[in-house]
Amino acid sequence: MTLNLYLLRHGETTFSQSGNFCGETDAELTAEGIQMAESFADVYQKLQWEAVYASPMKRTIATAKPFCDATGIDMQLREGLREGSYGKWETKSKSFAQEKYAENYVKWMTEPAWNAPIGGETAVDIANRAMPVIAEIQEKHPEGNVLVVSHKATIRILLCSLLGIDLGRYRYRVNILVASVSMVKFDVNGPLLEILGDRHHIPDHLRSRAGT
């Protein structure tokens, strides 16, 4: 039996364009972000799917909706798939955090597994709430294709957790651009990364847009 777990990052928001910390801020997709979601649905609806799980945030729900509409599969929302909280850094730029919270920022940059933005979450915190969702999916769907729609940091941390990569290095080992899809195959040998950050489902004029 083989489970193919597809991890889709939400489409473009104003925060993914600016690079400011979004985290638990409930941002909407831009018009281009909606097009990205529709493009994913157009391409990937052709596969046979078992289930769709999504973070309960506006940008992930809006990304999953065209796909769910096309396939007729109900979207299952899970709090564990939310983006990590940046606490007092929410909506602010990296330069603001670096200047205003210099010591905190250096610790977070050096070892984010155990150091959080003030009032926010560590990578370990995110893994501890997100990985049980993956365990639930494995139990309920031991084979077939399952889609998970989540966020940049959460997906990177999930991939590091599954592949045995140090959580403190998640920003430096895995890159997940907006509307990119990754796929991990689970078989008798455990999780195997087969696709990382693919965006070929996005039209060229959207793929070329900057987006962190």
Can you grab the distance from the C-alpha centre of the range 74-147 to the C-alpha centre of the range 176-204, Å, no decimals? 19 Å
Furthest towards positive pole of dipole, Gly80, Ala113, Phe96, structure part the range 74-114, Cβ charges: Phe96
Using bins 10 angstrom wide from zero, how does P(r) for the range 13-112 break down, in % of all Cα pairs? 15, 37, 28, 16, 5
So how tilted is helix 31-44 from the main axis of the chain? Cα-based, degrees 0 to 90, rounded to 10. 40 degrees
When the distances between all Cα atoms of the range 105-176 are binned every 10 Å from zero, what whole-number percent does each bin get? 19, 50, 24, 6, 0
Most exposed first, judged by fewest Cβ atoms within 10 angstrom, Lys65, Lys140, Lys92 run Lys140, Lys92, Lys65
Name the lysines eligible as straight-distance cross-link partners of Lys140: C-alpha to C-alpha under 16 Å, and not fewer than 8 places from it in the same chain. Lys185
In nm, to one decimal, how far is the modelled label at Asp26 from the one at Asp187, with both set 7 Å along Cα→Cβ? 4.2 nm
Neighbouring Cβ atoms within 10 Å as the yardstick, rank Val188, Val178, Val146 fewest first. Val188, Val146, Val178
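Which pairs, out of Lys58/Lys92; Lys94/Lys152; Lys100/Lys152, put more than 21 Å between their alpha-carbon atoms?
Violating the 21 Å limit, Cα to Cα: Lys100/Lys152.
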Tell me the angle of helix 123-140 to the major Cα principal axis of the chain, expressed in degrees between 0 and 90 and rounded to the nearest ten. 10 degrees
Compute the angle between helix 152-163 and the longest alpha-carbon principal axis of the chain, please, reported from 0 to 90 degrees and rounded to the nearest 10. 70 degrees
Quickly estimate the mean residue ellipticity at 222 nm for the chain, helices only: each DSSP H run with n ≥ 4 gives -39500 (n - 2.57), and the total goes over all residues, rounded to 500. -12000 deg cm²/dmol
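Read-outs: derived from the displayed coordinates by stated rules, not from any lab. Remember, predicted model here, so these are calculated numbers, not experimental data. Cβ atoms come from the backbone with ideal geometry, glycine included; neighbour counts cover every protein chain shown.
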